[in-house]
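The values are calculated or read from the model by the stated rules, or taken from the named source; none is laboratory data. It should be emphasised that the depicted structure is a prediction, and the values quoted were computed from it without experimental measurement. Because the Cβ atoms are built from the backbone with ideal geometry, glycine has one as well, and the counts that use them run over all protein chains shown. Quick note on the areas: whole protein, heavy atoms, side chains included, nothing else; ligands and nucleic acids left out. Shrake-Rupley method; radii C 1.70, N 1.55, O 1.52, S 1.80 Å.
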Amino acid sequence: MSVREERMAAGSAATQGVDMLALDLLHIPGIGRETALRLQRLGLSTVRDLLLYLPRRYEDTRELTTLASLTYGSLNTASVQIRTVSTRESPRRRMVLTVAELEDASGTAEAVWFNQRYLERQLRPGETYIVSGKVERSKGGAVFRNPQFEHASDMQQHVGRITPVYPETEGITSKFLRTKIGQLKSWIPALPDVLPVRIRTECALLDLQEALRRVHFPESFAEIEEARRRLAFEELFCVGLVVEQARRRRLAESSIAIPYDVDYARERVARLPFHLTDGQRVVTHEIFQDLAKPHAMNRLLQGDVGSGKTVVAMLAASMTCHAGHQVAFMAPTELLARQHHATLNALLEGEDIPVRLLVGSMTEGAKREVADFAATAIPTIIVGTHALLEERIQPSRLGLVIIDEQHRFGVEQRQILRKKGVLPPNFLAMTATPIPRSLALTKYGDLDLSVLTERPAMRGKVVTEVIRGSTHDAAFLAAREQLALGHQVFVICPIIEESEDLDGVMSVTTEMERLSQGPFAQYRLGILHGRLSGREKDEVMEQFRAHTLDVLVTTSVVEVGVDVPNATVMIIESADRFGLAQLHQFRGRVGRGSATSYCYLIQESADELATQRLQAVAATESGFLLAEQDLRLRGHGEIGGLRQHGDSMFRIADLLDAALLQEAQHAASSWLDDDPELRAHAPLHEAMRAYQYVLDLD
Ligand code: ADP
Ligand code: MG
């Protein structure tokens with residue numbers, strides 16, 4: 001350590017003030033301009049960033065072996081003396097080899113590093129080191145390959161302990177990060193603790209300082225776990241606060257109340273062409289009660305594909321119109337908007353509720369007509385696509401906004417539609433993407449959840465099978481049987497045209513050719529993909545719905561919402577190229593009638609993870625379980641590591657840890673009772689800024 005470094009390390013928060021935390025890492029000894037830029041790539045600009053940087057995982061090299069008892073092929077850690085160090089070039093492989101001869105009381109071994117010439121100056125013969133790395137057998141005996149090493153002392157930082165391994169980038173190793181964090185650790189106490197003492201005490205949580213000490217310099221895995229719990233709690237607590245605050249604000253604001261006319265509801269339900277499932281009954285009742293309240297409803301209706309969400313939306317819409325208000329019903333595609341328009345018209349037959357359609361491909365005149373109609377006070381349901389967002393659409397008595405497949409829309413789009421009312425309208429979002437409660441919180445903020453778990457009873461089941469590319473034909477044979485019975489078939493391909501970059505991936509155009517000449521030669525095939533115009537897509541879809549087409553070869557455009565009960569086979573080419581939720585959505589396109597349906601997942605790669613993921617789809621019919629499985633396979637909730645990856649904003653919190661989530665939400669709620677404006681604890685107030693994005697949703 002240089003004198004400067006030493007002074008730096010010795011400085012304490014008390015003597016130098018907390019500004020040190022905001023200090024640019026560029027000013028830290030040993031960090032030059034280039035290194036600082038690299039650190040920025042990891043999101044590390046200041047001392048604070050570095051101290052709060054969390055390991056991805058840990059390596060346990062506490063257990064030492066002697067050189068006489070090394071295990072070949074695996075990781076070994078030993079305390080050794082270096083006898084000699086030499087460097088030579090390997091002419092054949094154009095590499096610089098640094099070789100050290102090692103010894104301990106039991107025997108000798110060698111260590112080899114590649115292309116790290118500078119090591120020759122670092123490693124001092126005669127001194128004792130802890131080395132740790134994979135050991136292989138060679139002619140001369142045991143060889144450590146590229147081992148980690150560190151001078152033996154009573155303060156091991158890199159080997160001989162539980163070592164944090166951080167997310168790295170080119171030129172920034174964990175060893176470097178450990179050294180820097182070690183050098184700056186006296187500043188940890190200066191970090192303000194976001195969690196108030198009362199909450200820490202009540203929930204038995206470590207303070208931030210101790211948690212970080214354990215994260216960066218752990219003595220045991222139990223210590224790490226306790227630190228992880230505390231850091232995860234903080235995230236969940238903060239999100240809980242934001243969401244609960246928004247909820248309280250919403251409840252205090254008045255909105256349009258839709259009286260619950262029980263007689264009308266009964267009569268309306270009785271006129272449906274089928275009996276509601278118990279789930280639909282419960283959820284509809286929930287929605288009616290919520291609509292009747294003086295503040296705006298803010299509800300997410302989560303129901304697996306095919307659970308029958310549309311009819312629930314229709315009932316909410318008709319109750320709203322019955323009360324004299326208007327409804328805007330937005331779907332992500334023209335295809336779906338048209339389908340909903342048709343469904344609602346059919347279900348509302350004989351009732352005096354005009355249902356209007358508004359989609360981009362309509363003529364200017366037709367759109368203007370809908371806009372004019374919306375501006376009148378006539379109770380109506382306007383079903384549409386993004387076209388509903390246009391400025392000129394200003395419903396004068398908007399009482400309810402419904403968004404289907406809401407995950408397909410951005411925050412702003414949902415927002416624009418909700419702002420169209422004079423008073424904040426009631427809001428009902430629908431999704432088939434089942435997500436754990438915790439994720440729903442961070443994605444949607446303050447939303448009440450209604451869940452449809454069962455599917456209408458007379459529905460056929462869906463048998464799912466994973467098929468390796470080579471045994472492909474089995475799927476088409478089975479499909480032909482179904483076609484012979486008068487059913488219809490979907491075939492999904494990941495791309496539109498053959499491409500050189502994606503060799504071996506089936507495209508709709510090639511598949512279409514192959515199928516129309518081969519297995520499905522005597523049937524009527526249609527093709528659907530994103531390059532067709534809205535009108536063309538609708539035409540093809542309409543033909544398929546009307547059964548003038550038997551087979552629909554399509555890209556993922558068909559994914560959401562499409563309802564053709566006579567279709568009983570879903571074949572998905574290169575299924576491993578799709579996400580699990582998406583595969584589940586595709587599968588949801590069949591099994592909508594009473595007949596048994598079949599879903600074939602054709603696996604392209606032989607990859608182990610691909611197999612696992614597809615098997616997971618085959619093994620469960622529940623989209624909810626699948627979503628959890630997906631999170632697991634993608635590495636959320638990894639044991640031991642602290643950092644999560646994926647699309648979640650949580651750095652640490654395990655999205656599947658429902659108990660901790662509940663505890664944190666409870667704590668947030670109780671804290672707000674005492675401190676509704678979040679002014680009592682400055683660091684908390686400060687931290688909330690980072691979480692405000694959750695509020696963008698309201
Ligand atoms: P999703 O929840 O995926 O949007 P839909 O609303 O499209 O599902 O409904 C799927 C199919 O189930 C539609 O054909 C619909 O008419 C039918 N359906 C909905 N509810 C029932 C019910 N209670 N009994 C029988 N069929 C129903
Ligand atoms: Mg739907």
field: Of 153, 87, 109, farthest towards positive along the dipole that unit charges on Lys, Arg, Asp, Glu beta carbons give region 63-160
entry: 87
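By its C-alpha gyration tensor, with a ≥ b ≥ c as the square roots of the eigenvalues, how is the chain shaped: rounded for a/c under 1.5, else prolate for a/b larger than b/c, else oblate? Please list the in-between numbers first.
On the way: a/c = 2.73, a/b = 1.58, b/c = 1.73.
Oblate is the answer for the chain, as a/c is 1.5 or above yet b/c matches or exceeds a/b.
Between residue 49 and residue 207, what FRET efficiency comes out of the Förster formula 1/(1 + (r/R0)^6) with R0 = 22 Å and r the beta carbon distance, rounded to 0.05?
Numbers: r = 20 Å, r/R0 = 0.90.
The computed FRET efficiency comes out at 0.65.
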query: Accessible area per residue, 1.4 Å probe, Å², for the chain: what's the number?
result: 44 Å²
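Report, in debye and to the nearest 20, how large the dipole of region 63-160 comes out about its Cα centre when Lys and Arg carry +1 and Asp and Glu carry -1 on their Cβ.
Numbers: 12 positive and 11 negative charges, 136 e Å.
In total the dipole reaches around 660 debye.
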- request: Grab the Cα-Cα distance for residue 622 and residue 423, subtract it from 0.36 nm times how many residues apart they are, and report the gain in nm with one decimal.
  value: 67.8 nm
message: With N set to the number of residues, divide the alpha-carbon radius of gyration of region 117-218 by 2.2 N^0.38 Å and report two decimals.
response: 1.46
query: Expressed in nm to one decimal, what extension gain is obtained for the pair residue 522 and residue 272 from 0.36 nm per residue of sequence separation less their Cα-Cα distance?
result: 86.2 nm
statement: Per the C-alpha gyration tensor (a ≥ b ≥ c, the square roots of its eigenvalues), region 482-630 is rounded if a/c is under 1.5, else prolate if a/b beats b/c, else oblate; here it's oblate
message: Less than 20 Å from a label point 7 Å out along the Cα-to-Cβ axis of residue 156: which backbone N atoms in region 183-222 qualify, by residue?
response: 183, 213-222
task: Kindly provide the helix-only [θ] at 222 nm of the chain, computed as the sum of -39,500 (n - 2.57) over DSSP H runs of four or more divided by all residues, to the nearest 500 deg cm²/dmol?
output: -11000 deg cm²/dmol
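With +1 on each Lys and Arg Cβ and -1 on each Asp and Glu Cβ, and nothing else charged, work out how big the dipole of region 462-621 is about its Cα centre, in Debye to the nearest 20.
On the way: 13 positive and 23 negative charges, 121 e Å.
The dipole of region 462-621 has a size of about 580 debye.
Looking at region 204-244, which GluC sites (Glu not before Pro) are in a loop (DSSP not H, G, I, E or B) and have at most 15 other Cβ atoms within 10 Å? Provide the component values of the computation, followed by the final result.
On the way: sites: 210, 219, 223, 225, 226, 234, 235, 244; in loops: 219.
In loop regions of region 204-244 (DSSP not H, G, I, E or B), the sparsely surrounded GluC sites (Glu not before Pro) are 219.
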message: About the Cα centre, and with charges only on the beta carbon of Lys, Arg (+1) and Asp, Glu (-1), how big is the dipole of the chain? Nearest 20 debye, please.
response: 820 debye
- prompt: region 252-318: percent of C-alpha pairs farther apart than 16 Å?
  reply: 46 percent
- line: Interchain or sequence-distant (5+) residues whose placed amide H lies within less than 5 Å of the amide H of residue 495 are 508
- prompt: Just going by the charge dipole of the chain, with Lys and Arg at +1 and Asp and Glu at -1 on Cβ, which of 389, 36, 46 is farthest out on the positive end?
  reply: 36
task: Please give, to one decimal in nm, the separation of the simple spin-label points placed at residue 33 and residue 249, each 7 Å out from Cα toward the Cβ.
output: 4.4 nm
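Using a cut-off of 12 Å between beta-carbons, work out the net charge of the residues near residue 518 (Lys and Arg +1, Asp and Glu -1, residue 518 not included). Walk me through the numbers on the way to the answer.
Working: positive: 480, 514; negative: 473, 511, 513.
That works out to -1.
I'd like to know how region 22-82 sits against the 2.2 N^0.38 Å rule of thumb: what's its Cα Rg over that expected value?
On the way: Rg = 18.2 Å, N = 61, 2.2 N^0.38 = 10.5 Å.
Taking N as the residue count of region 22-82, the ratio is 1.73.
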query: Efficiency by 1/(1 + (r/R0)^6): what FRET value for residue 65 and residue 606, r their Cβ-Cβ distance, R0 = 45 Å, to the nearest 0.05?
result: 0.75
Net charge, residue 538 excluded, C-beta distance under 12 Å - Lys, Arg +1, Asp, Glu -1: 0
query: Just the Cα atoms of region 63-160: what Rg and Dmax do they give in Å?
result: 12.7, 42
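As an exercise, use a Förster radius of 22 Å and the Cβ-Cβ distance of residue 658 and residue 225 to find the FRET efficiency, rounded to the nearest 0.05. Before the final figure, lay out the partial values.
Values: r = 17 Å, r/R0 = 0.79.
Approximately 0.80, to the nearest 0.05.
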- line: Charge dipole of region 134-199 built from unit charges on the beta carbon (Lys, Arg +1; Asp, Glu -1), centred at mean Cα; most positive-end Cα among 162, 196, 182 is 162
message: Could you give the length gained by full extension between residue 185 and residue 394, i.e. 0.36 nm per residue of separation minus their alpha carbon distance, to one decimal place?
response: 69.4 nm
message: 7 Å from Cα along Cα→Cβ at both residue 170 and residue 474: what's the point-to-point distance in nm?
response: 4.5 nm
message: Taking all protein chains in place and a 1.4 Å probe, what share, in percent, of the accessible surface of region 63-160 do carbon and sulfur account for?
response: 45 percent
message: For the pair residue 679/residue 264, report the inter-label distance in nm, with labels modelled 7 Å from Cα in the Cβ direction.
response: 4.4 nm
statement: the chain: longest segment with zero exposed chymotrypsin sites (Phe, Trp or Tyr not before Pro), where exposed means DSSP loop plus at most 15 other C-beta atoms within 10 Å, is residues 275-698
